[in-house]
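Chemist: Take this structure first; my questions come after.
The values are calculated or read from the model by the stated rules, or taken from the named source; none is laboratory data. Remember, it's a predicted structure, so these values are computed and weren't measured experimentally. Side chains included, ligands, DNA and RNA excluded: accessible areas come from the protein's heavy atoms. Shrake-Rupley method; radii C 1.70, N 1.55, O 1.52, S 1.80 Å.
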Amino acid sequence: MTFSQLRDKDVINVPDGRKLGKPIDLAFCENAMIEAIVVPGPSSIWNCLSREREGCAIPWNRIRRIGDDVILVDLDANFWNQQ
């Protein structure tokens, strides 16, 4: 699968059903393996006014399934407090 195919999929958090957006980047470890997918950060008025948008890195081990249209992840409420 290519990144262009990945970035067309919606990322959905399974525990609360929240749509997190589409992947905007990938993070790699020093061994060139995917370490995380990056989705747009939580929306705020400041992010909308800024040209640079921070992203939230979702560790690869939190991805539960990559389907035809969606990427299902398993993130608890504590994950967002750590970002």
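Chemist: Of the residues in segment 1-16, how many are open to solvent by 50 Å² or more (accessible area, probe 1.4 Å) and not β-branched (Val, Ile, Thr)?
Modeler: First, the residues of segment 1-16 that are open to solvent by 50 Å² or more (accessible area, probe 1.4 Å): 1-5, 7-8, 14-16.
Filter once more, keeping what is not β-branched (Val, Ile, Thr): 1, 3-5, 7-8, 15-16.
Adding up the residues that qualify gives 8.
Chemist: Scan (1) modelled with pLDDT of 95 or more; (2) at positive phi for the single condition ARG64 breaks and write down its number.
Modeler: Evaluating ARG64 over (1) modelled with pLDDT of 95 or more; (2) at positive phi leaves (2) as the failure.
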